[in-house]
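The values are calculated or read from the model by the stated rules, or taken from the named source; none is laboratory data. The shown structure was predicted, so the numbers you read here are calculated from the model rather than taken from an experiment. We place every Cβ from the backbone using ideal geometry, glycine too, and count neighbours over all the protein chains shown. What goes into the accessible areas is simple: the full protein's heavy atoms, side chains included, and nothing from ligands, DNA or RNA. Shrake-Rupley method; radii C 1.70, N 1.55, O 1.52, S 1.80 Å.
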Amino acid sequence: MNVIPTDIPGVLILEPHVFEDTRGFFMESFNQRIFDDAVGQHHEFVQDNHSRSRKGVVRGLHYQLAPHAQGKLVRVTRGRVFDVAVDVRRSSPTFGRWVGAELSEANRRQLWVPPGFAHGFMVLSEHADVLYKATAYYVPQSDRCIRWDDPDIGIAWPPIDVEPQLSAKDLAGTRLVEAELFA
Ligand SMILES: Cc1cn([C@H]2C[C@H](O)[C@@H](COP(=O)(O)OP(=O)(O)O[C@H]3O[C@H](C)C(=O)[C@H](O)[C@H]3O)O2)c(=O)[nH]c1=O
């Protein structure tokens, strides 16, 4: 596993080892021991998610409030997305900062988004399948959304040739300054 740090301590890009041969490829998409070593602590995953979206769809920026905060290990098995993590811990030195990475079927990269971060992505290909493991169960009452285009965060979303498409919930997302966050 190749581990690539990002500008925000704790948010990591992971590149699992891929075994390619004439048949195709094999990789361990998740290995608890290797993951814990890479991240530096143990995280228990309790839920796997899979969403499929069309080009231009933006899902996020979502997080669940404590005590239901979710760490997410995100990967893409079809297409390409720009995946983003935003630090929403008020006491963090990187509060309000974001990191983004292109995750794709081709690069097989994964993004580790620790608890305390909002997560979202924009689909860059015609379709994309995003699969991610979560360290806490879905608790809708604790779910919160910050606007994808919050100027105070200033995410540099890649240019695409279609109109971004968001759910009504996401279009109604709050600004970071108004949001219920983590201490
Ligand atoms: C997240 C989730 C949703 N649902 C149900 C609730 C809705 O009836 C339906 C669609 O939910 P939603 O529109 O919230 O799905 P996304 O917009 O993809 O939400 C996700 O988007 C960003 C990228 C995230 O990181 C979060 O995992 C999650 O918030 O699935 C469930 O049953 N379980 C779940 O864990």
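Key figures
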item: Subset tally (residues that are assigned to a loop (DSSP other than H, G, I, E, B) and either more than 15 Å from Lys72 (Cα to Cα) or within 11 Å of the ligand (Cβ to nearest atom) (or both)) for segment 135-154; result: 12
item: Failed item in (1) crowded, with 17+ Cβ neighbours inside 10 Å; (2) not in a strand (DSSP E or B), with Asp7 passing the rest; result: (1)
item: Residue among Leu12, Leu65 that alone is in contact with a strand residue (DSSP E or B) (Cβ under 9 Å, 6 or more places away or on another chain) and surrounded by 18 or more Cβ atoms within 10 Å (Cβ to Cβ); result: Leu12
item: Residues (closer than 17 Å to Glu15 by Cα and open to solvent by 20 Å² or more (accessible area, probe 1.4 Å)) located in segment 115-137; result: Leu131, Tyr132, Lys133
item: Those strands (runs of 3 or more DSSP E) lying entirely in segment 20-108 with at least 1 residues of a type in the set (A, V, I, L, M, F, W, C); result: 24-27, 58-64, 72-78, 80-87, 98-104
item: Of all residues in segment 63-85 being of a type in the set (Val, Ile, Thr) and within 11 Å of the ligand (Cβ to nearest atom), the one that is farthest from the chain's Cα centre (by Cα); result: Val81
